[in-house]
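Engineer: Before anything else, here's the structure in question.
Laboratory data are not the source of any read-out in this text; all were calculated from the coordinates shown. Just so it is clear, the model here is predicted, and its values are computed rather than measured. So basically every Cβ, Gly included, is an ideal-geometry build from the backbone, and we count neighbours across all protein chains shown.
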Amino acid sequence: MDEISKNTNKKNIGQISKNNPGWKGKGEPNFKAIIFKLATTFKTNLLSGDLKLLINNLKSASTNISTFIFKKSQENFVCPCCSWSGPGFITTCNSKRVNYNSNCPNCDSRSRHRGLSLLLPIIFENKLLDLLFFAPEKILLKIMSEKLNLANVKTTDFYSSDVDYPGEDIQNLSFSDHSFNYILCNHVIEHVPHDDLAFKELSRILKPQGKAIITIPGDYHLNETVVFEQTDSNGHFRHYGLDVIKKMKTYFTEVETLDMHTLSSLDYGIRINDLAFICTK
């Protein structure tokens, strides 16, 4: 994969971690709120000529109307992060796709958070572990503290100031070799220009036999990663394919790939092929 270095998206600079997903939900949308959002985005999309986003906004709005207006009394979905139950999760979209059953109205968890809420208890057997959490999200911190009783969790981020270790570049970390038993890196690697350096650094700071739990967005029915000429609207440098596993194996002795959808016994809104990579030092 060829790398790029042109970051055209600065929206995360100076933010605090509460701006990350998984902080606080916006509640179940009512008809007025859905139509108002559709109307405001309709004009913007039309003027910009982004017809794909316009169509996806229409699909998203119609799905949310069906879910939260016509099926309001049903309880077909349960959030494993916060125990909210209701007719469905909020559907969102971007110019590429419609994300059905994405955001929990109560805790703002996404598919990846709900999947990790089921995976982490399986992995974190040692409650006294040293864990480093990149770009921390409130809902996962709460799960690790209250449900798993993990004692030694440290947080870090490049942009956020309200973390234990601010200003850390995942491509060039200040930590000593073999500093942590575990690392949690949830949707971070796609935001850095050189993922090779990030994987190398994660491996370096892990203790022998330590594990890094990594999630990154991608189309994992495809083999090749798509590298963008410039960062997209989400600040992503690339959209991953299965070839990322080969890259990870350059830096870790073992890489286990797990579809978090398979962990769900109820309808938790965890997407099929929402992968977690469990990388062992």
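Engineer: Among residues other than PRO80 whose Cβ falls under 15 Å from its Cβ, what is the net charge (Lys/Arg +1, Asp/Glu -1)?
Structural biologist: Computed value for this residue: 0.
Engineer: May I pose another question? Around ILE65, with a cut-off of 14 angstrom between Cβ atoms, what is the net charge of the other residues, counting Lys and Arg +1 and Asp and Glu -1?
Structural biologist: +4
Engineer: Note down the net charge around TYR251, summing +1 for each Lys or Arg and -1 for each Asp or Glu among other residues with Cβ under 14 Å from its Cβ.
Structural biologist: So the environment of TYR251 carries a net charge of +2.
Engineer: Can you list the HN-Hα couplings for segment 200-210, worked out from phi with the Karplus curve (6.51, -1.76, 1.60; θ = phi - 60°), rounded to whole Hz and with x for Gly and Pro?
Structural biologist: Result, ordered by residue: 4, 5, 4, 5, 4, 7, 7, 6, x, 6, x Hz.
Engineer: Taking amide H positions as placed in the peptide plane 1.01 Å from N, state which residues far from GLY25 in sequence (5 or more) or on other chains have amide H under 5 Å from it.
Structural biologist: CYS107, ASP108
Engineer: About the Cα centre, and with charges only on the beta carbon of Lys, Arg (+1) and Asp, Glu (-1), how big is the dipole of the chain? Nearest 20 debye, please.
Structural biologist: 960 debye
Engineer: Please sort by residue number the GluC sites (Glu not before Pro) in segment 121-211 whose DSSP state is loop and whose Cβ has at most 12 other Cβ atoms within 10 Å.
Structural biologist: Passing both the DSSP loop test and the Cβ count: GLU125.
Engineer: Which residue, ILE143, THR262, CYS93, has the largest displacement toward the positive end of the dipole of the chain when charges sit on each Cβ (Lys, Arg +1; Asp, Glu -1)?
Structural biologist: CYS93
Engineer: Another one. Just to check I understand the Karplus step: with θ = phi - 60° and J = 6.51 cos²θ - 1.76 cosθ + 1.60, what whole-Hz values come out for segment 96-110, glycine and proline as x?
Structural biologist: Per residue, the Karplus-derived 3J(HN,Hα) values read 8, 7, 9, 9, 6, 6, 9, 8, 6, x, 8, 10, 6, 5, 10 Hz.
Engineer: For the chain, with a Gaussian network of springs between Cα atoms less than 10 Å apart, report the residue from ASN57, ASN45, ASN186 with the top mean-square fluctuation.
Structural biologist: Comparing ASN57, ASN45, ASN186 in the GNM, the peak value goes to ASN45.
Engineer: Non-local amide H neighbours of PHE77 (under 5 Å, H modeled in plane, Pro and chain starts lacking H): which ones?
Structural biologist: Placed amide hydrogens put GLY86, GLY88 under 5 Å from PHE77.
Engineer: From zero outward in steps of 10 Å, how is the percent of C-alpha pairs of segment 59-148 spread across the bins?
Structural biologist: Spelled out bin by bin, segment 59-148 gives 16, 41, 27, 13, 3 percent.
Engineer: Starting from the Cα of LYS281, draw a straight line to each of the lysines and keep only those under 30 Å, dropping any in the same chain fewer than 8 residues away.
Structural biologist: By straight Cα distance, LYS281 reaches LYS127, LYS138, LYS142, LYS147, LYS154, LYS200, LYS207, LYS211, LYS246, LYS247, LYS249.
Engineer: Right, here's the next one. Take every Cα-Cα pair in the chain and report what % of them are more than 34 Å apart.
Structural biologist: Distances greater than 34 Å cover 19 percent of the Cα pairs.
Engineer: For segment 105-226, take every pair of Cα atoms, bin their distances at 5 Å starting from 0, and report each bin as a whole percent.
Structural biologist: 2, 10, 21, 24, 21, 15, 6, 2, 0
Engineer: Moving on. Based on a Kirkwood Rh over C-alpha pairs, give the Stokes-Einstein translational diffusion coefficient of segment 25-103 at 37 °C and viscosity 0.692 mPa s in µm²/s.
Structural biologist: Value of D from the Cα-based Kirkwood radius: 251 µm²/s.
Engineer: Something else now. Under a straight-distance cross-link criterion of Cα-Cα below 16 Å, which aspartates and glutamates are reachable from LYS71, leaving out those fewer than 8 residues away in the same chain?
Structural biologist: GLU28, ASP267
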